[in-house]
Every structure is written in structure tokens, then in C-alpha cells.
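The values are calculated or read from the model by the stated rules, or taken from the named source; none is laboratory data. Since the model is a prediction, treat every value here as computed from it, not as a measurement. As a convention, Cβ positions derive from the backbone with ideal geometry for all residues, glycine included, and neighbour counts pool all protein chains shown. For accessibility, only protein heavy atoms count, side chains too; no ligands or nucleic acids. Shrake-Rupley method; radii C 1.70, N 1.55, O 1.52, S 1.80 Å.
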Amino acid sequence: MLFEDVAVRYGAGPNILQNISFSLAPGSFHFLVGASGAGKSSLLKLMYLAMTPASGLVDLFGRNIATLRRQDLPALRRRIGVVFQDFRVIGHLSALDNVALPLRIAGLRESEIRKHVTELLGWVGLADHLNDLPATLSGGQQQRLAIARAVISRPSLLLADEPTGNVDDVIGVRLMYLFEELNKMGTTVVIATHNDRLVSRFTHRQLRIENGTVRAFDPMPPHSSQSRPAIAPAGSHAND
Amino acid sequence: MAWRRSDLPLHGDPAARFLPWILGFLVYLSALIVGCSLMIDQLADNWRTSLAGNLTVELPIDPALGTKARADRLDAVIDLITATPGVTGATVLEQAELERLLRPWLGDAVGELDVALPTMIAVTLRPDAVIDRADLRNRLTAVVPDTRIDDHGDWVDDALHFLRSMQALAVFLVALVLTTAAATVIFVTRTGLAVHQPVIEILHLVGAQDSYIARQFQTQSLRVGLTGGIIGTALAILTLVAMKPVLGSTTLDMADMGDGSGVTAGHGLMQGLTGGLGLTPWHLAALCILPLAMALLAMLTARWTVLRSIHRSL
Ligand SMILES: Nc1ncnc2c1ncn2[C@@H]1O[C@H](COP(=O)(O)OP(=O)(O)OP(=O)(O)O)[C@@H](O)[C@H]1O
Ligand SMILES: [Mg+2]
């Protein structure tokens, strides 16, 4: 993923973010941090193709997102898992059906779907709630449901907006392990959060939103990091 | 699977809940119109075939002739007619019979009528007989000048033309009803798109194609169209069956009045004009296409509406 001098704004409003240039290597793991209202969710929207940049270039899976045609979007979006800040689970579908949704849309067989979904829901601690409607779940349980839906199809890119905002630290850390597990299998992960404790507990690289722009940041460079930049300069991963 | 669960709870929409009833009613109307049109078709056939087997020969009044001469003249004419190939019978209508047929027009005064009535001969033909009308007239006028032959041709043409106009009207009405059905489906689908916009957005964001979302709507519309269609058609068939006696008597009147002189071969003809009018199994089968047609129309309309509207969303 590559951002080059990108600016973000809503409609005719002022730029929320500008001069954004960075690139994410495939298989990298980043926290996206910044004050509330800084623009974390907005930046993620660009990444999950719900928004186009006001100016500049956003390149995703080697495609300039400004020039994508409508019929190209579904295939790209199936490679992206998103945990929305407001969950966006579907109210009239059971936990199982919610998580199964991306697989059904992708056209998998029902028997396979059931097996995968049941297993994953067990992993996020919802084994006893397979047939429950989201409204009967707690906030934290809904969040885990949203996470399960985002990771079920093993996306190439996982974008999570405050995925641990409604759970205690024990579950929060467990969910982080889930993300790391996925990351080890090659998924590029970006997690927006302002949970400093969580961020400091892991040594992942950071994208920091400050003063209306985004800076890449390596919090505690490992011993070898002097010879290996934590985050590659823009342009070096044009084919991510 | 699509029948088992759907990602959008479309059946619960307030606008959609009335859709089966509206479509059912519209199918009911179409089925009635189509049913009547099929019966008109049958009626036209009946008229054509029964009247094709009949001729009326009318001998003018000749006050100069005595009773004996009149009887001889009649015998000569009857002989001539029955000798014509294709003719199976010729019956002279008695004065009493004529009076009976004229009574609806003239009232009871017909009995006191003192005028001489023309002699009418009802000629029955083999169903497949082709009579050379001009030749028959020539031969008849040679015996009795001014003899008239009425094969009801003009009247049948007029009547058939009338029936055809009725059928054209029926086609127009069905087209109107189907347009209304399509417009209703468009309205309900648009409402559904608006109501479920948040869920549709989620479906898009997890990678659903437009056609996947359209499928949710078209499956629902197909189901509703089929349900409404079956109920509407069933009720229409019941109505048509219940209407049969009414229809029968109406057409009897029409046949009676339409037959100008009111003087023809009598009961046999009337029976032929209206007998057996009603829905045949073949007609019922044709009517059963309606629910399928409505389901298909609803489905395609919903799909078209979704694909057209959804372009504006993300
Ligand atoms: N749909 C929108 N239309 C107009 N402005 C918006 C919209 N969404 C967000 N904004 C504005 O963009 C700015 C950044 O919002 P954003 O949601 O990206 O912040 P955030 O970093 O995710 O905040 P938080 O940590 O509270 O979730 C805010 O000033 C907000 O008012
Ligand atoms: Mg946010």
C-alpha cells in the first residue's frame, strides 16, 4: 500500500489530512494512533475503498484507487477485512450468519462455511452464541463478532478501527494475538487505537496522525533496526 | 439456500407487506380480463360455426296468389333447395312460430296482426358444405322473383368485428394492469433500497457485487409475485366459473337481437350460439401462466430497479 502526497476531506469541507506519504510493506503490522477526531477512521476509509483521496495517489494492491471502476471494487474488497469502529454487524442476522457473510458472498460451500465460522467464533469466545442476534450480545461480544467477520476470509489486508475499545485487557490482548496470528500468515495489519497501554505492550510500528498529517514511526527500534528502516520510505513498495 | 435465508429482511418492510395483496389483486384483474377474452374467442367460434350451418330463405308476399298457388310455389322452392348439394334439411316456419319469434319486438299485438308475413324457410347445411349463394339465388329467383337468401354473413362479420374490438380492449387493459404491477414493484424496491441502505453498504464493503444485492430483492419479488399471482388467478377462476350462467344468458340475448329479423332456424341455432360457453381445461392452463408471468415480471423489475439505482451508492 502506498500513499503519495495524499489529502483527505469530506465534500467541500477543509482538508482533514494532507501531505500524507508513506508505504506499508506486505505482511507488516502497524498501529494507527492519534487523538480522537484526528482522522484515523478517515484514513482507514481510504484504505477500505469507501472514500477517494481529495488529491494525491493511493495505491492498493498495485491499483490506483482513484481510477478503479465500480465492477473492480468487490474483488478488491474481498481481500480486505475491516473491523468498523461502530461494528456494523447486521442486526437481523445471527452471529453465525454475520460472520458467514463474506464467505457466502465469495460463494463458498455451506458445509465449509459452517465449519470455519463455528471454529472462529469459538476462538473469539462466542461459541455459546452462534445463533444469537447481535442485539442480545454485549458491546464487547459484538465487537468480537465484528472482528470474526473481518478475519474469517483471511484477508490480505486487515483494517481494525478500535477493535479492543469495548473489551477488558485480557480479551484485548487475546484479540491482539489473533491479529498477530493472521499477520504471521501474511496479512498486512493496520489497527487504529488510542489505547496507549495496548500500543506500548506490543512493539509494532506506528502510523501517527499529528497536525493533520501522518508520520511513520518505529517506537522501540529492535537492535537490528539501524540497518533496516522500520518503515520503508514512500515509493519503495510501489508494487505492494 | 437463497430461499432459506436472506441478508436483507425485505419481507418485513411496511411497503413490501402489501405487495402480495396488490400484485394478487392485479393478477386477479388480468385473469378476469384474459378469461373473458378467451370466452369471447369461444363465443366467436360458436357463432361462426353455428351460423355457417344455416341459411334463411325468405319468399316475398304475393297477395295475387291463392292458397293453392302459394303451396305449389313453396313446394317448388323446397324441392329446389333440398336438391342442392350440401343441404340437409329445409323447414318452413309456421305462422305460429313466426309470431313467437316476433313477439319480443311487437308484443302481444303480434297475435292480432292482420298482415301477411313473408314465408320463411330455415335451411340447414352440412357443417362443411360450401354453398354457392349467387347460384342458389339465381335458381330461386327463376322460380320466385325477389326471393332473398340470408346466410347471416354480414351480421356475423359485424359481430366478429365487435368481438375483436373487445379483445383489443382486453389486451390494452392487461398491458395497463401489468404496467401498474411493474410500477408498484419499482416503488417497493426503491423503498427497500432506502430502508436497508446501511445493510447494503455493509454488503458492499465486505465485497458483495451489485448482482448479489439485486438477487436479494429479485428473490423476494419472485416469491411475492408467485404468491400474489396464484391467489389472484385462483380467485379469478372461481369468479369466472361463478359468472358462467350470467355470461350465458347475456350472450343468448345478444344472439337473439343481433339476428336482425329474429327469424331463423329457431332454438337449435340459439343453442349453437351460446352452448358450452365457459372455461375449458385448455383455458385454465392458459390462465395458470399468469402467476408465472407475474412472478417473472416482478423479479425482472426488481432486479432492473436495484441495478439501476445502486450505481449511485458506493
Ligand atoms: N462523514 C463525515 N463527514 C464530514 N466530516 C467527517 C465525517 N466523518 C468524519 N468527519 C470529520 O473528520 C475528522 C476526523 O474524523 P475521524 O472519524 O477520522 O477521526 P478519528 O481519528 O477516527 O476519531 P476517533 O478516535 O474519535 O474515532 C473529524 O473532524 C470529523 O468531524
Ligand atoms: Mg474513528
Item to check | For the protein assembly as shown, with +1 on Lys and Arg beta carbons and -1 on Asp and Glu, the positive-most of B:M299, A:G37, B:L23 along the dipole | outcome: A:G37
Checklist entry - Near A:R78, within a Cβ-to-Cβ distance under 12 Å, what is the net charge of the other residues, with Lys and Arg +1 and Asp and Glu -1? => result +3
Item to check | Dipole moment magnitude, nearest 20 debye, the protein assembly as shown about Cα centre, only Lys, Arg, Asp, Glu C-beta charged | outcome: 3700 debye
Next on the checklist: Report the per residue volume, in Å³, of the convex hull enclosing the C-alpha atoms of segment B:82-213.
Outcome noted: 217 Å³
Checklist outcome for this item: At the level of C-alpha centres, the distance separating segment B:18-73 and segment B:172-206, in angstrom, is 46 Å
Checklist entry - Using all Cα-Cα distances in the protein assembly as shown, what percent lands in each 10 angstrom bin from 0 up to the longest? => result 3, 14, 17, 14, 10, 8, 7, 7, 7, 6, 5, 3, 1, 0, 0
Next on the checklist: Among A:S94, A:S21, A:S36, which one shows the highest mean-square fluctuation when chain A is modelled as a Gaussian network with alpha-carbon springs under 10 Å?
Outcome noted: A:S36
Checklist entry - Over segment B:1-124, what is the percentage of antiparallel beta bridges among all DSSP beta bridges, to the nearest 5? => result 100 percent
Next on the checklist: Return the equivalent ellipsoid semi-axes of segment B:1-56 as a descending list in whole Å, where each equals the square root of 5 times an eigenvalue of the C-alpha gyration tensor.
Outcome noted: 48, 12, 4
Item to check | Tensor-based shape of chain A (alpha-carbon gyration tensor, a/c under 1.5 rounded, otherwise prolate or oblate) | outcome: prolate
Next on the checklist: Could you work out how much longer the chain between B:L160 and B:Q197 gets when fully extended? Use 0.36 nm per residue separation minus the Cα distance between them, nm to one decimal.
Outcome noted: 7.8 nm
Checklist entry - Is the shape of segment A:20-68 rounded, prolate or oblate, going by the alpha carbon gyration tensor and its root eigenvalues a ≥ b ≥ c, with a/c under 1.5 for rounded and a/b larger than b/c for prolate? => result oblate
Next on the checklist: To make sure I understand the rule: partners must be aspartates and glutamates, Cα under 18 Å from the Cα of A:K115, and not fewer than 8 residues away in the same chain. Which ones qualify?
Outcome noted: A:D97, A:D128, A:D132
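For the peptides A:205-218, B:24-37, what is the packing order when you average, over each peptide's residues, the other Cβ atoms within 10 Å and list the highest mean first?
Per-residue Cβ counts within 10 Å, averaged per peptide and sorted highest first, yield B:24-37, A:205-218.
Rounded, prolate or oblate for segment A:35-177? Axes are the square roots of the Cα gyration tensor eigenvalues, ordered a ≥ b ≥ c, and the cut-off for rounded is a/c under 1.5.
oblate
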Next on the checklist: At 1.4 Å probe size, with the rest of the protein present, what percent of the exposed accessible area of the protein assembly as shown is carbon and sulfur atoms?
Outcome noted: 59 percent
Checklist outcome for this item: When the charge dipole of chain A is computed with +1 at the Cβ of Lys and Arg and -1 at the Cβ of Asp and Glu, the Cα pointing farthest to the positive end, of A:N98, A:T136, A:Q71, is that of A:Q71
Checklist entry - Of A:A127, B:L93, B:T184, whose Cα points farthest to the positive end of the dipole of the protein assembly as shown (charges on the beta-carbon: +1 Lys, Arg; -1 Asp, Glu; origin at the Cα centre)? => result A:A127
Checklist entry - Which of the peptides B:284-291, A:109-116 is most tightly packed, and how do the rest follow, going by the mean number of other Cβ atoms within 10 Å of each residue? => result B:284-291, A:109-116
Checklist outcome for this item: Within the protein assembly as shown, the percent of DSSP beta bridges that are antiparallel, given to the nearest 5, stands at 65 percent
Next on the checklist: Net charge around B:R126, counting only other residues with Cβ within less than 15 Å of its Cβ (Lys, Arg = +1; Asp, Glu = -1)?
Outcome noted: -3
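Within 10 Å of each Cβ in peptide B:194-207, how many partner chain Cβ atoms are there on average? Round it to a whole number, please.
Details: counts 0, 0, 2, 0, 3, 5, 0, 2, 8, 5, 6, 12, 21, 15.
Per residue, the average neighbour count from other chains is 6.
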Checklist outcome for this item: Measuring from its Cα centre, segment A:1-154 shows a charge dipole (+1 at each Lys and Arg Cβ, -1 at each Asp and Glu Cβ) which, in debye to the nearest 20, is 280 debye
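Of all beta bridges DSSP finds with both residues in chain A, what is the antiparallel percent, to the nearest 5?
Percent antiparallel among DSSP bridges in chain A is about 50.
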Checklist entry - With +1 on each Lys and Arg Cβ and -1 on each Asp and Glu Cβ, how big is the dipole of segment B:27-72 about its Cα centre, in debye rounded to the nearest 20? => result 80 debye
